[in-house]
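Reviewing the structure listed below.
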Amino acid sequence: MAGRELRAKPRVMTKDTHGRRPLVAGNWKMNGLFAAGAEVESLVNRVRASAPAADVLICPPATLIRPFAAAWGQRGVAFGGQDCHHADEGAFTGDISAAMIRDAGGDYVIVGHSERRSYYGETDQVVSHKAAAAHRAGIVSIVCVGETLAEREAGRAIDVVSQQVDFSLPTLSNAGNTVLAYEPVWAIGTGKTPSTDDIVAMHHAVRTRLTARFGAAEGNRMRILYGGSVKPANAREILALADVDGALVGGASLLARDFDAILDAYRS
Ligand code: 13P
């Protein structure tokens with residue numbers, strides 16, 4: 001009986017996580033003006049009213065990190081950037097550095113998102129250098145990897161993602177400064193998600209690469225997020241899967257109500 005109940009409503013607390021604290025991160029992409037702070041305030045109030053057993057992060061456009069962190073930092077929701085340059089400073093018009101994100105109140109930065117890889121030609125090597133810049137600045141890099149639909153249909157998804165993991169992480173990566181995010185390109189903004197078996201297989205493959213390179217203890221402590229059409233309706237099932245240590249959420253992070261409903265997976 002209890003077993004049936006567990007299957008009907010999976011609980012994320014029952015799996016072996018090697019002490020990893022989940023992270024649920026919202027990637028606002030190029031959405032949101034200053035007025036969107038109303039959604040952040042609503043989210044902060046919801047998180048304070050009922051704290052999830054997870055870290056909560058919003059990555060708004062860079063222009064909003066400072067005002068949001070100033071108004072709502074240290075109140076249960078962290079803030080971060082969506083990209084940074086790989087250099088610490090210099091003549092790179094339009095770019096921002098990891099130190100600037102930290103200076104604005106950010107604790108994290110997403111690097112190597114598939115939109116950066118495809119629209120701006122970022123390679124694994126560039127992504128690795130950006131993650132290293134984040135580490136120098138003292139903020140956590142969220143390193144994104146993921147296969148295209150053509151790669152999945154060709155049966156190459158695990159090979160492609162394993163290679164991205166190998167080459168997108170700098171040598172000094174560890175569980176304190178690095179989070180992996182598996183985001184299948186074909187699942188982003190499409191309403192499609194891989195089967196739960198495929199998510200488990202991929203997260204296991206990523207975990208295997210991490211433990212092979214950084215050692216069992218460190219590799220098992222690194223968090224691996226799933227991203228791609230995570231919504232309130234599917235979050236509980238996805239977040240309960242083995243080796244899924246949280247989510248990177250796009251569209252459903254823009255409204256506090258939806259994002260907070262995703263966090264319910266980590267409330268008892
Ligand atoms: P969606 O949740 O809108 O599919 O976006 C996922 C994503 O790209 C997060 O980085």
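Bear in mind that the values in this text are calculations on the coordinates, not laboratory data. Note that the structure is a prediction, hence the values are computed from the model and not measured. Cβ coordinates were reconstructed from backbone atoms using ideal geometry, including for glycine residues, and neighbour counts include every protein chain displayed.
Observations on the structure shown:
- Amide H contacts of G26 (H built 1.01 Å from N, under 5 Å, at least 5 apart or other chain): L57, I58, C59, V249
- Summing Lys and Arg as +1 and Asp and Glu as -1 over all other residues whose Cβ lies under 15 Å from the Cβ of L33 gives a net charge of 0.
- Take the Cβ atoms of S118 and E237, set R0 to 41 Å, and the FRET efficiency comes out at 0.90.
- Cubic angstrom per residue, convex hull over Cα atoms of the chain: 122
- Amide hydrogen neighbours beyond the local backbone of S97, cut-off 5 Å, H modeled: H85
- For the range 172-191 versus the range 37-79, the gap between their alpha-carbon centres in whole angstrom: 20
- Percentage relative contact order, the chain, counting C-alpha pairs under 8 Å, at least six apart: 23
- Net charge of Cβ neighbours under 11 Å - reference Y108; Lys, Arg +1; Asp, Glu -1: -1
- Net charge over other residues, Cβ less than 11 angstrom from the Cβ of V200 (K, R count +1; D, E count -1): -1
- Spatially close Lys pairs in the chain, defined by Cα atoms under 30 Å apart and a spacing of eight or more places or different chains, total 10.
- For G227, residues with placed amide H under 5 Å, excluding near neighbours: Y182, E183, L248
- Hydrodynamic radius (Kirkwood) for the range 50-190, which is based on Cα pairs only, to one decimal in Å: 15.6
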